[in-house]
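The structure under discussion appears below in the form of structure tokens.
The values are calculated or read from the model by the stated rules, or taken from the named source; none is laboratory data. Worth saying up front: this structure is predicted, and the values here are computed from it rather than measured. With ideal geometry, Cβ positions are generated from the backbone for all residues, glycine too; neighbour counts draw on all protein chains shown.
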Amino acid sequence: MGIISLILYSIILAISFGMLVFFHTTTSQILFAFLLCLPVIECIVYRWGFQRIQIESQTTGSLLDEKLPVTVTMKLKNASLIPMPEVIVSYEVTNHFYPEERIVQQIAIPVLARTGQEFSFRVEPEYCGCYEMKVLAIQSWDHLHLWKFKKYHIDVAGANCEFVVEPKRLHSIAIDGEAYTTGMEDAEESQNKGSDFSEVHHIREYQPGDSLKDIHWKLSAKKQMLMVKEHVSMSSSQLILIVELEQNQEVLDHMLDVTKTVCMDLLDDKLAYTLCYWSRQRGELVAKAIANEGSRQQAFHEMMYEKPNPVGTNAGREGFAYAGMLASTVVWIHPAEGDGCSQDEILYRDASVIVSMSEVVS
Amino acid sequence: MKTDKKGIATVSDHNYKQRSALWDCLAKALMVFLVVYGSFGCFLSGFGIPYPKLLFFVGLLGIDIILSLLFYNKLTKNIGYIVLFFVVAFLTTLLFLYINSGFYAIVNIVYEKLQAIWQLKGVMQYTERIENRQVTIIIALLATGGGMSLLLNSIISNYMSLFGTIVITIWLPLFTLYMDLQMPPLYIGLLLTGYVLIFMAKRSGHYITKVSRGKKMAEEPFCYRKKNTQIRYQQHGMVLLQTGVYSAALVGILGILLGVLVPAMHIQTPESWNRYKEITDEYVKDIATLGIMGLWNGYESTGGISGGKLGGVSSVRADYETDIKLTYAPTNVRPIYLRAFVGGKYCGDHWEEEFLNDEKPNELFESQNKMQRILVTNVGANMGYWYQPYYSIMEPLSVYDNTTQYYYIPIDTELLLSNAKVYSKEEYLAYVDAVYLESPVFPSIDQAREEAGLEGTVGEIATQIANYFETEFAYTLRPGVTPGRRDFVDYFLGKTRKGLCAHFASAATLMLRRQGIPARYVEGYVATYQEIENGEIVEDADVADYRIGPWEQEETQVITVEIADTNAHAWVEVFVPEFGWVPIEVTPSSDEEPPNADIWDLFASMMNGENLAGEKQMEVQELDQEALTTQMEKGLRLLCILLAIFVAGKVFLQFVRIGKRERSFHTASRSRNLENRYEYLCERRRRRRRKKQGEFGNYVTQSEQFRYYVEEEILSDEEARSLMELLQIACYSDEEISTEQYKTARRLCKKLRRPQRKRSKQQSR
């Protein structure tokens, strides 16, 4: 496009020169000189204005419970007096689980002088994970479309933004609760009697969503603010969830959904547990003790930044075995192998199998 | 737009509120205004044409804003252009006299300026029928500026074409620059700002409005490129306006800087560069003296003699330059005819030239001892002819410096003719060639002879013909071109009955020949009494040198008479056996002004019909009220005609549409017929519903549409299912539906129409 503009401008310049030859007047001399100087002046002025362009972006939320659309708003601020008819912002949207699977887009928008421009777009995440919107470059043509200006490495604060989409809690997964409470009879009996088979390991401020039963009333009265007790199940070291983070997108997404469902179900049953997965980035097994919704969210949030392991490696289980951790029950959530079954069926079946496998592991 | 890729979908959410059509329109109006006002300003100020600047500024800005609002949406565009057409037609007709006069006033001022610059002897001067220039000029300026804006508005709003803009607007400043007149920097700046702004908008690509033409029609504020990976906004009026301010600042600052620096640097371009302009100067001078049509003369010398060519000149253009100079000592004020071309044989569209070898008056010189000497100098006339006065002989070896010396005998030809009787053909043939008695047989010639009532002596017949032409025919310098297949004289006598001297002379020649009198067609120049009276006295010349023989002493002097090309003329010669060839004048007198018609007069004649020549004779004072009333009547009449044409056109198009639709219902394929019929019914229902903000348009699939029919109780379940099955067969299978099925489908289709009718009746009640 620059070449076309250059050709067109050259033609205009040639016509102007023809006028100078033909008319032989001072006016035509000034006109020719004007057309010669214009691109140079335009380049200098536009460059000065372009350097004053700043970008900010933000999202409507940083943590999403479900795969809902997120609106990303980008603000281009122009501190100069130069209006810019076309500023092209290149950005990418990636999911941390699948960094190579990314959307790269460009948007050409006008930027008004002294104010700027705002543009927003929606991101509709199909899978759970941590999504990052990163501005790759800002570029712009000058008014005459002869010069192109670019800015790379837009790493200034506020230019990029991210949000986390949590897995979805499924209702169709009905795992046999008895299976993974094997070896936890004491706790179960205790619960039946009304006593909590758990101990307080941490006291913190009240957060919306915490059960009223967990409020430490005495301490709250003393501190003049609501404090809650964080319980940890006595059997948490005995119930371990191992999640295999594998690269197949749809399978991984579904597995995380199942994991969340299992986690939530366990929490609903007041069962503490340990969530384990193999961190490819750190090269070690990550184990997160989960006793309530807050710790679960924290664990999931951290998990979303992980990179998946190669398919079929069962890195989580191998890592667990290698770590030599003790457990009364292990629930191994992994992609199942088998033909002729839907993923739901496989996972359902495997969940049962896994539970039976946990005895072997323990 | 939704981009779905690898688990992430991005949707352009239109949180982009700046796309206001109003700002878009204003930005376009600004562009149009800058270039039009700049262009006119350069021209008007350069030529020093007085005009009310503020009024022109406000008026043109208003026009440009109104025109740009036509592109506000599709409705304003579709309706607005029709309304605009009628308004413009009405105003043009109503104010035609003002526009015409104002335009001519501007042209006259320009020509006066050209005359002063180039020291031209004569330039075109147009008749301003309304003399109040303060009124006429501003009206003409707004009319022409509005017309230019109308064109530019379309070009800029649709295409943002700098080339188109330059083509339309550059001529006025270019002409001013050509004449090396001083143009105010303000107007140059405005024009340049407009050009730069249009270039910037075009190159950025962001100028597509919601109602732009072609594939780029922008329903949405964005378009998508590079396989949907690039989102581009279409247009942003505010940015365009800001860019306009920016370009104005750029042009202003840079212009002032260069305006100071360049003259100070004394840059000298080679003088040789200027020769290209000098070449074109002649053409521009021709335009100034001949008008624009001067570039397209039918013959080389339409102002001088045509060498017997007939019918090729629509409108005579004179250059007012002197063609011939006569130097002699006049003894009377009779016009002097200078014979150049003699036509013998008539060929329908020209006269064949006859060479002068039958000079009967030679005998006169032997008996005459009193002669006059006359010098004929060819200044600018066709060099292929001698320009010889009646009855003269050329002095041997007298030709020098394009001047020929003749000795001539001033004879009163009218007296000769009054006594010349008409002889028989055989008697004439003893003296002259038969060609001078040949004439084509056209009823129009004989009818003209009858109407003229030709009888008596040659002189009487000549007078009868002249009187006949005077009363029944009109002299005009705009006779129009004779159609290629028509005979020149027959077309003149039978059809147009108006013409210039060549028409009358040719017709009279043939009428005389049909009457049995030898006659021939002659072209040359005439020095009339007016030219003789305006002749310049040659101070150091002796009258005796211009007289031969025993002349009595008279109060006379040697004068030089300048004969311009406007004095070129055609007449008839008749043969009188006792004397020879005698010239007769048959062309009626004319009140018509010198030839100054132009392309604008052609426009005027189109607007006013054939009555232009007559109208020009009207006095300016009488025009004010009467002419305006006439113009208004004509305007209304024209408006009614246009309206009728429009309505008739709409009705015609409706019939064509119905015809096409009916054709599509009666093709060879029944399935195709049913498909077309159902599609038409759906479209009809969609249109009706759209007007009522209904929801039928939302139903896209046939199943949805049939659900709607059932819900609205237009069709029963059974009928809907039946029709839908038939449509499925018709639309989506190769199977042809049977005649019975087609009839059933048609019956059901009719039911789709009826409820609408009933409902509309109920609503009307």
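Some observations on this one:
- For region B:1-44, the set of residues classified as surrounded by fewer than 19 Cβ atoms within 10 Å (Cβ to Cβ), modelled with pLDDT of 60 or more and within 14 Å of chain A (Cβ to nearest Cβ) consists of B:S20, B:W23, listed by residue number.
- Residue in region A:54-63 that is at the interface with chain B (Cβ under 8 Å from one of its Cβ atoms) and among the hydroxyl-bearing types (S, T, Y) present: no
- Here is the figure for region A:38-78: residues that are small (G, A, S) and within 19 Å of B:L197 (Cα to Cα) total 1.
- Filtering region B:473-502 to residues that are aliphatic (A, V, I, L, M) and part of a loop (DSSP other than H, G, I, E, B) leaves B:L477, B:V481, B:L500.
- Scoring A:V104 on the criteria (1) at the interface with chain B (Cβ under 7 Å from one of its Cβ atoms); (2) more than 26 Å from A:F50 (Cα to Cα) leaves a single failure, condition (2).
- Hits in region B:729-746 - residues which are surrounded by 13 or more Cβ atoms within 10 Å (Cβ to Cβ) and over 60 Å from the mean Cα position of the chain (by Cα): B:I729, B:I737, B:Q741, B:T744
- Scanning region B:70-118 for residues that are of a type outside the set (A, V, I, L, M, F, W, C) and under 29 Å from B:S45 (Cα atoms) turns up B:T92, B:T93, B:Y98, B:N100, B:S101, B:G102, B:Y104, B:N108, B:Y111, B:E112, B:K113, B:Q115.
- Filtered residues of region B:415-436 (kept if assigned to a loop (DSSP other than H, G, I, E, B), more than 19 Å from B:P583 (Cβ to Cβ) and of a type in the set (A, V, I, L, M)): B:A430
- Complete set of residues in region A:33-51 that are within 9 Å of another protein chain (Cβ to nearest Cβ) and without any contact (Cβ under 8 Å) to a residue 24 or more places away in the chain: A:A33, A:F34, A:C37, A:I41
- Subset of region B:53-85 that is among the charged types (D, E, K, R) and farther than 16 Å from B:M31 by Cβ - its residue that is surrounded by the most Cβ atoms within 10 Å (Cβ to Cβ): B:K77
- For A:I4: the one exception among (1) out of contact with any His (no Cβ under 9 Å at 6 or more places or on another chain); (2) assigned to a helix (DSSP H, G or I); (3) within 10 Å of chain B (Cβ to nearest Cβ): (1)
- When region A:80-97 is limited to residues that are of a type outside the set (A, V, I, L, M, F, W, C) and more than 7 Å from chain B (Cβ to nearest Cβ), the one that is farthest from A:Q51 (Cα to Cα) turns out to be A:H96.
- Residue match in region B:512-521 (condition: touching a residue at least 60 places away in the same chain (Cβ under 8 Å), closer than 16 Å to B:L310 by Cα and surrounded by 24 or more Cβ atoms within 10 Å (Cβ to Cβ)): yes
- Some residue of region B:103-121 being under 30 Å from B:S157 (Cα atoms), within 17 Å of the chain's Cα centre (by Cα), part of a helix (DSSP H, G or I) and in contact (Cβ under 8 Å) with a residue 12 or more places away in the chain: yes
- Scanning region A:241-269 for residues that are hydrophobic (A, V, I, L, M, F, W, C), at pLDDT 80 or above and assigned to a helix (DSSP H, G or I) returns A:L252, A:M255, A:L256, A:V258, A:V262, A:C263, A:M264, A:L266, A:L267.
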